[in-house]
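Scroll down for the structure; my scribbles are underneath it.
The values are calculated or read from the model by the stated rules, or taken from the named source; none is laboratory data. Given the structure is predicted, the values throughout are model-derived calculations rather than measurements. Counting neighbours? That spans all protein chains shown, and the Cβs are built from the backbone with ideal geometry, glycine included.
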Amino acid sequence: MKAAGAFVAMGMMLAAAPALAQAGGEKGPERIVWAAQKVPESPYDGPNKPVTHIADILKAHQGQASWDQQVMLTRDFDGHYVSLAPGEKTKCMFYADDRVFGWIYSGQVKITIDGQQPFTATKGYLFDVAPRLSYCMENTGSEPAVFYRSTPAGQMPSYPQSETPTPVKGWRYIKARITSTGGYDAPNQPSLDFNAYAAGGGKSRDFAWDGHTSAHIIRSGNLAKLPPDSSWGHFHENMVEAWVVIEGKLDVLISGIGMVHGETGDVIQANNERWHRATCAPDTGPCTRLAMTPRNREGQVHYFQVDKPAGN
């Protein structure tokens, strides 16, 4: 599945009618535009892969209770799988202007966030730490606790005065005074027991959401048959879309790569300007993915094929 040429015409949904007269949005009339795609397509480099399987990560760290493996680094997000040994605790820290979020793969973790009631996150829990709120994570179980965690890319954490900052080459920590604090506005919340949410019939929804970060829960029912290969889905300009599979099995068609298959815990990544189409694997039951993109609050353009209806 490849798009020919440096520029491709396609349909996109943008702004209310008349097209440029009102506030922007994603539910406006369709327009045909020229959109840029890199030639060759945007490469995967560093830790980034079309799919990173949790089974491979666990195998690589077999026999280790405490480890940290980077699985994604984009302009916006720094994604790691982390394992805490029983009794292990992270340092308390915060990020000045962007949030931390993640999902518990296995085990149990006590998460303490400034101004919030501490909670124990078990398998399937999602967590969202608002900017400027210090947080700590502690394995309170008897087995390693494994979780996916995303922090803002290229940013150094700050620490409360009571903590000892971790030294980083090329950086120094000094004491400073701040007056800003963080908090939660809808739909953000410190945690969500996804397993209970799914069992109760919960639908797709935003989870972590602000001007920088979007982590969106996308739930889909059983699919009998995949769409034809001529249906490419959509792509984004200037941003990566990635997913953590948090329920079931996911099939993602990515231009230049082909079909990749993910199971619960896997991380799948479609680089900027690459077509991608995500669906449940056929006849495997429902599936859910935590979709991660930047700038969703302001709206983001989905570029679709001109000869197909706007959709996936």
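Can you name every residue in the stretch 177-191 that is touching a residue at least 60 places away in the same chain (Cβ under 8 Å) and either of a type in the set (D, E, K, R) or farther than 29 Å from S162 by Cβ (or both)?
none
How many of the residues in the stretch 34-54 are surrounded by 11 or more Cβ atoms within 10 Å (Cβ to Cβ) and without any contact (Cβ under 8 Å) to a residue 60 or more places away in the chain? Full working, then the answer.
So in the stretch 34-54, the residues surrounded by 11 or more Cβ atoms within 10 Å (Cβ to Cβ) come out as 35-39, 41-42, 44, 47-54.
Now restrict to residues that are without any contact (Cβ under 8 Å) to a residue 60 or more places away in the chain: 39, 47.
Of the residues in that region, 2 qualify.
Within the set of pairs 6 or more residues apart or between chains, which connect a residue that is of a type in the set (G, A, S) and assigned to a loop (DSSP other than H, G, I, E, B) inside the stretch 298-312 to a residue that is surrounded by fewer than 17 Cβ atoms within 10 Å (Cβ to Cβ) and at pLDDT below 90 with Cβ atoms less than 7 Å apart?
Short answer, once both residue conditions are applied: G299/G24; G299/G25; G299/E26; A310/E30.
Does G63 count as at positive phi and under 21 Å from the mean Cα position of the chain (by Cα)?
Numbers: at positive phi: yes; under 21 Å from the mean Cα position of the chain (by Cα): no.
So G63 does not fit the description; no.
If I filter the stretch 132-146 down to residues being assigned to a loop (DSSP other than H, G, I, E, B) and free of Cβ contacts under 8 Å to residues at least 60 places away in the same chain, which single residue comes out as nearest to L58 (Cα to Cα)?
First, the residues of the stretch 132-146 that are assigned to a loop (DSSP other than H, G, I, E, B): 132-134, 140-144.
Okay, now just the ones that are also free of Cβ contacts under 8 Å to residues at least 60 places away in the same chain, so 132-134, 140-143.
On the way: R132: 32, L133: 31, S134: 29, T140: 20, G141: 18, S142: 18, E143: 14 Å.
Per the criteria, the residue is E143.
Just name the residue that is farthest from the chain's Cα centre (by Cα) out of those in the stretch 290-312 that are within 22 Å of W34 (Cα to Cα) and among the aliphatic types (A, V, I, L, M).
Residue satisfying both the conditions and the ranking: V306.
Looking at (1) under 25 Å from P43 (Cβ atoms); (2) touching a Gly at 6+ places or on another chain (Cβ under 8 Å), find the lone condition where K249 falls short.
Of everything listed in (1) under 25 Å from P43 (Cβ atoms); (2) touching a Gly at 6+ places or on another chain (Cβ under 8 Å), K249 misses just condition (1).
Based on this model, can you work out whether K91 counts as within 18 Å of R149 (Cβ to Cβ), modelled with pLDDT of 95 or more, touching a Ser or Thr at 6+ places or on another chain (Cβ under 7 Å) and in a strand (DSSP E or B)?
Details: within 18 Å of R149 (Cβ to Cβ): yes; modelled with pLDDT of 95 or more: yes; touching a Ser or Thr at 6+ places or on another chain (Cβ under 7 Å): yes; in a strand (DSSP E or B): no.
So K91 fails the test.
Tell me whether the stretch 133-150 contains one or more residues that are within 23 Å of R289 (Cβ to Cβ) and surrounded by fewer than 20 Cβ atoms within 10 Å (Cβ to Cβ).
Yes, there is a match, as at least one residue in the stretch 133-150 is within 23 Å of R289 (Cβ to Cβ) and surrounded by fewer than 20 Cβ atoms within 10 Å (Cβ to Cβ).
For the stretch 194-247, which positions are charged (D, E, K, R), over 22 Å from G285 (Cβ atoms) and exposed (fewer than 13 other Cβ atoms within 10 Å of the Cβ)?
Here is the first cut: in the stretch 194-247, the ones charged (D, E, K, R) are 203, 205-206, 210, 219, 225, 229, 237, 241, 247.
Add one more test, that the residue is over 22 Å from G285 (Cβ atoms), and what stays is 206, 210, 229, 237, 241.
Residue satisfying the conditions is D229 alone.
Regarding the stretch 76-86, can at least one residue be identified that is modelled with pLDDT of 95 or more, part of a loop (DSSP other than H, G, I, E, B) and under 18 Å from the mean Cα position of the chain (by Cα)?
Quick first cut of the stretch 76-86, residues modelled with pLDDT of 95 or more only: 76-86.
When the remaining residues are screened for being part of a loop (DSSP other than H, G, I, E, B), the result is 76, 85-86.
Those still in the list that are under 18 Å from the mean Cα position of the chain (by Cα) too: 76.
Yes; the residues of the stretch 76-86 include at least one that is modelled with pLDDT of 95 or more, part of a loop (DSSP other than H, G, I, E, B) and under 18 Å from the mean Cα position of the chain (by Cα).
State yes or no: is D266 assigned by TED's automatic domain parsing to the domain that holds S214, crowded, with 20+ Cβ neighbours inside 10 Å and acidic (D, E)?
Values: assigned by TED's automatic domain parsing to the domain that holds S214: yes; crowded, with 20+ Cβ neighbours inside 10 Å: yes; acidic (D, E): yes.
Judged against the criteria, D266 is a match.
Take the stretch 288-310 and flag every residue that is over 18 Å from Y148 (Cα atoms), touching a strand residue (DSSP E or B) at 6+ places or on another chain (Cβ under 7 Å) and of a type outside the set (K, R).
Keep residues of the stretch 288-310 that are over 18 Å from Y148 (Cα atoms), which gives 295-310.
With touching a strand residue (DSSP E or B) at 6+ places or on another chain (Cβ under 7 Å) added as a condition, the list becomes 296-297, 300-306, 310.
The answer is N296, Q300, V301, H302, Y303, F304, Q305, V306, A310.
Inspect the stretch 151-165 for any residue being in contact (Cβ under 8 Å) with a residue 40 or more places away in the chain, within 23 Å of Y197 (Cα to Cα) and of a type in the set (A, V, I, L, M) and give the result as yes or no.
Among the residues of the stretch 151-165, not one is in contact (Cβ under 8 Å) with a residue 40 or more places away in the chain, within 23 Å of Y197 (Cα to Cα) and of a type in the set (A, V, I, L, M), which makes the answer no.
Do we find a residue being over 30 Å from A36 (Cβ atoms), surrounded by 13 or more Cβ atoms within 10 Å (Cβ to Cβ) and at pLDDT below 95 anywhere in the stretch 182-189?
From the stretch 182-189, those over 30 Å from A36 (Cβ atoms) are 182-189; that's our starting set.
Then keep just the ones that are surrounded by 13 or more Cβ atoms within 10 Å (Cβ to Cβ); that gives 182, 184, 187-189.
Add one more test, that the residue is at pLDDT below 95, and what stays is 182.
For the stretch 182-189, residues over 30 Å from A36 (Cβ atoms), surrounded by 13 or more Cβ atoms within 10 Å (Cβ to Cβ) and at pLDDT below 95: present.
Output yes when any residue across the stretch 254-272 is closer than 16 Å to D76 by Cβ, at pLDDT 95 or above and outside any strand (DSSP E or B), and no when none is. It would help to see each step written out before you state the result.
Just the residues of the stretch 254-272 that are closer than 16 Å to D76 by Cβ, to begin with: 267, 269-272.
Now narrow it down to the ones that are at pLDDT 95 or above: 267, 269-272.
With the extra rule that they be outside any strand (DSSP E or B), the set shrinks to 271-272.
Yes - at least one qualifying residue is present in the stretch 254-272.
Select from the stretch 32-62 the residues that are part of a strand (DSSP E or B) and β-branched (V, I, T) and write down the one among them that is nearest to A242 (Cα to Cα). Show your work before the answer.
Of the residues in the stretch 32-62, the ones part of a strand (DSSP E or B) are 32-36, 51-52.
Pick out the ones that are also β-branched (V, I, T) and you get 32-33, 51-52.
Numbers: I32: 26, V33: 25, V51: 9, T52: 11 Å.
Only one residue tops the list, namely V51.
Being in contact (Cβ under 8 Å) with a residue 40 or more places away in the chain and of a type in the set (K, R) is the filter; apply it to the stretch 87-116 and report the residue that is nearest to Y135 (Cα to Cα).
Across the stretch 87-116, the extreme among qualifying residues is K91.
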